[in-house]
Each structure stands twice: as structure tokens, then as C-alpha cells.
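Asker: Mind having a look at this structure? Questions to follow.
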Amino acid sequence: MSGLTFLAVFLVLALIDFFVPFYLLGDVARFTGSYLFWCLLALTMIVAGSLYIMNTWGKER
């Protein structure tokens with residue numbers, strides 16, 4: 001993954017990480033909605049990173 005692509009993915013994830021819990025779930029009076037979102041986002045990123053590593057491990061660029 002090139003540096004520009006990595007930066008774009010990072011910025012999109014950072015925007016999603018703040019936009020969804022604070023704006024879309026901002027009217028929810030309980031913290032559990034945001035916590036569940038952050039847990040699911042973290043799990044998704046772990047799985048996506050693992051799949052990326054498994055598919056690119058040992059390949060020459």
C-alpha cells in the first residue's frame with residue numbers, strides 16, 4: 001500500500017471514528033451505543049489488517 005493510499009484510509013477511518021459516535025449516535029443517552037460501535041470498528045480493522053497481511057506476506061513489490 002502506498003503512502004498516499006495509507007493516508008487516505010487513515011483519514012477516512014478517523015472521520016468515521018469521530019463522526020458516527022458523536023454525531024449519529026449523539027442523541028443516544030447511553031454510552032453503550034458508541035462503545036459497541038468502537039468495538040465493532042476495532043474488530044473490523046483487526047480482521048481487515050490480518051487479511052491484508054495474509055495476502056501480501058512474502059510477495060515482492
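Read-outs: derived from the displayed coordinates by stated rules, not from any lab. This structure is a prediction, so every number in the text was calculated from the model and none was measured. Every residue, glycine as well, gets a Cβ built from its backbone with ideal geometry; the counts of neighbours run over all protein chains shown.
Asker: Please state which one of 34, 50 is of a type outside the set (A, V, I, L, M, F, W, C) and touching a helix residue (DSSP H, G or I) at 6+ places or on another chain (Cβ under 6 Å).
Answerer: 34
Asker: Now for a different question. Within region 1-35, how many residues turn out to be in a helix (DSSP H, G or I) and either among the acidic types (Asp, Glu) or touching a Lys or Arg at 6+ places or on another chain (Cβ under 8 Å) (or both)?
Answerer: 1
Asker: Starting from region 45-61, keep only residues that are under 19 Å from residue 10 (Cα atoms), then list their pairs with residues that are in a helix (DSSP H, G or I) whose Cβ atoms are within a distance under 8 Å, requiring at least 6 positions of separation or different chains.
Answerer: That search, which allows pairs on different chains as well, returns 45/13.
Asker: Let me ask another. Search region 6-61 for residues being β-branched (Val, Ile, Thr) and under 14 Å from the mean Cα position of the chain (by Cα), and hand back the single one that is surrounded by the most Cβ atoms within 10 Å (Cβ to Cβ).
Answerer: Among them, the one singled out is 20.
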